[in-house]
1. Which of the peptides 125-131, 169-175 is most tightly packed, and how do the rest follow, judged by the mean count of other Cβ atoms within 10 Å per residue?
2. Given Cβ point charges of +1 (Lys, Arg) and -1 (Asp, Glu) and nothing else, what value in debye, to the nearest 20, does the dipole of region 34-136 about its Cα centre take?
3. Find out how many positive minus negative residues lie around Tyr175, taking Lys and Arg as positive, Asp and Glu as negative, among other residues whose Cβ is under 10 Å from that of Tyr175.
4. Between Val192, Trp23, Gly98, whose Cα lies farthest towards the positive end of the dipole of the chain when Lys and Arg beta carbons carry +1 and Asp and Glu beta carbons carry -1, centred on the Cα centre?
5. Treating the angle as unsigned and between 0 and 90°, give the value, to the nearest 10°, between the Cα long axis of helix 183-208 and the longest Cα principal axis of the chain.
6. Peptides 193-201, 26-34: what's the order by average Cβ count within 10 Å, highest mean first?
7. If you roll a 1.4 Å probe over the chain with all protein chains in place, what percent of the accessible area is carbon or sulfur?
8. Calculate the all-directions average of the projected area of region 32-138's alpha-carbon convex hull, and give it in nm².
Amino acid sequence: MTLTIIGICVVSWVLQLATGGAWTHALWFWPWGGAVEPWRFLTASFLHSTSPLHILFNMYALWITGQFLEPLLGRARFAVLCLLSAVGGSVGVLLLAGDPFTSSAWVTPVVGASGMVFGLFGAMLPVMRRLGRSMGQVLVLLAINGAIGFVPNLNIAWQAHLGGLVTGALVATAYAYAPKERRELVAWLVPVAGIAVLVGLAVWRYSSVGVL
């Protein structure tokens with residue numbers, strides 16, 4: 001599943017370049033756009049800037065975290081973790097966008113798998129705690145990458161990082177601490193509950209500003 005997601009991102013990036021940005025415009029996320037085209041909450045995570053460094057960094061991080069988490073969680077649970085974290089990143093952008101009539105965040109396009117990647121970073125915390133392993137390296141990695149999001153002029157959506165991080169940590173906690181006899185039930189409940197919560201938060205946010 002890790003390789004599949006990386007492959008989709010790479011193919012998507014090539015399409016971004018080959019179409020002169022048309023593929024990017026069709027799939028990127030911005031809060032106002034997500035209100036009428038909700039698929040953008042997910043599809044933006046498979047896009048990147050034209051700079052090779054952006055996609056290379058995210059794919060490397062996805063590869064490293066995926067090699068650790070996917071064998072432990074299994075393909076299905078790992079896929080749910082990735083997809084919910086991706087959507088959670090976009091929901092984070094929406095919730096933290098500020099006043100829709102004065103903040104530029106409502107009309108600023110967001111692309112990148114960073115929300116998904118931070119979801120995997122967040123997932124490693126409860127998983128490693130459950131395994132009784134040291135979380136020091138993960139915490140340092142989170143601190144460094146989190147700080148980068150606040151560096152001026154890099155145009156990094158720290159809101160997506162935070163949304164993905166929280167979503168991934170919650171999803172992984174449910175998986176890691178599910179009683180053995182209820183793991184199959186939890187495996188079904190997590191995606192249902194996760195989608196319900198994320199959709200509910202988005203609907204609430206849009207309703208609060210009179211969009212819905």
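The values are calculated or read from the model by the stated rules, or taken from the named source; none is laboratory data. It should be emphasised that the depicted structure is a prediction, and the values quoted were computed from it without experimental measurement. Glycine also receives a Cβ, built like all others from the backbone with ideal geometry; neighbour counts cover every protein chain displayed. Note: accessible area is taken over every heavy atom of the protein model, side chains too, but ligands, DNA and RNA are not part of it. Shrake-Rupley method; radii C 1.70, N 1.55, O 1.52, S 1.80 Å.
1. 169-175, 125-131
2. Around 460 debye, computed over region 34-136.
3. Result for the neighbourhood of Tyr175: +3.
4. Selected residue: Val192.
5. Once rounded, the angle reads 30 degrees.
6. 26-34, 193-201
7. Taking all protein chains in place, the chain shows 71 percent carbon and sulfur surface.
8. The number I arrive at for region 32-138 is 7.9 nm².
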